[in-house]
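Comments concern the structure below.
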């Protein structure tokens, strides 16, 4: 469940009157004050300002590896991996995929292919014997 924070005036353990603390309740709401002359350069035309701010904050956290792809999808309500890939491309967030990643995946793929070939050969041999 997402985090929810609402300010309270007095902490449960006491404290100075008017002291603001944060208590856990499930969702955090953030309010931004942006001067009118900066709104149009900051916000995409026709996009909800709250959604634009949420996407910008979430994308930056994803770029810094503070959110996983799954967490980003959940936060933004993106249903499919295909839609998620399109979202990342639209926001110019490129996957980090090195030559070492490629080689590692190639080796795993080769091992899996060889394992499957052995399984198929064993099945064919079993059918031939019983057949």
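The values are calculated or read from the model by the stated rules, or taken from the named source; none is laboratory data. The model shown is predicted, which means the values in this text are computed figures rather than measured ones. No Cβ is skipped: glycine too gets one built from the backbone with ideal geometry, and neighbour counts run over all protein chains shown.
Based on what the data block shows, is residue 43 surrounded by 13 or more Cβ atoms within 10 Å (Cβ to Cβ) and either touching a residue at least 24 places away in the same chain (Cβ under 8 Å) or under 18 Å from residue 28 (Cβ atoms) (or both)? Walk me through it before giving the result.
Numbers: surrounded by 13 or more Cβ atoms within 10 Å (Cβ to Cβ): yes; either touching a residue at least 24 places away in the same chain (Cβ under 8 Å) or under 18 Å from residue 28 (Cβ atoms) (or both): no.
Judged against the criteria, residue 43 is not a match.
Look at residue 110 and say whether it is surrounded by 10 or more Cβ atoms within 10 Å (Cβ to Cβ) and not assigned by TED's automatic domain parsing to the domain that holds residue 69. Walk me through it before giving the result.
Working: surrounded by 10 or more Cβ atoms within 10 Å (Cβ to Cβ): yes; not assigned by TED's automatic domain parsing to the domain that holds residue 69: yes.
When the stated conditions are applied, residue 110 passes them.
Of all residues in the range 60-84, those being assigned to a helix (DSSP H, G or I) and either in the same structural domain as residue 26 (by TED's automatic domain parsing) or over 11 Å from the mean Cα position of the chain (by Cα) (or both) number 2.
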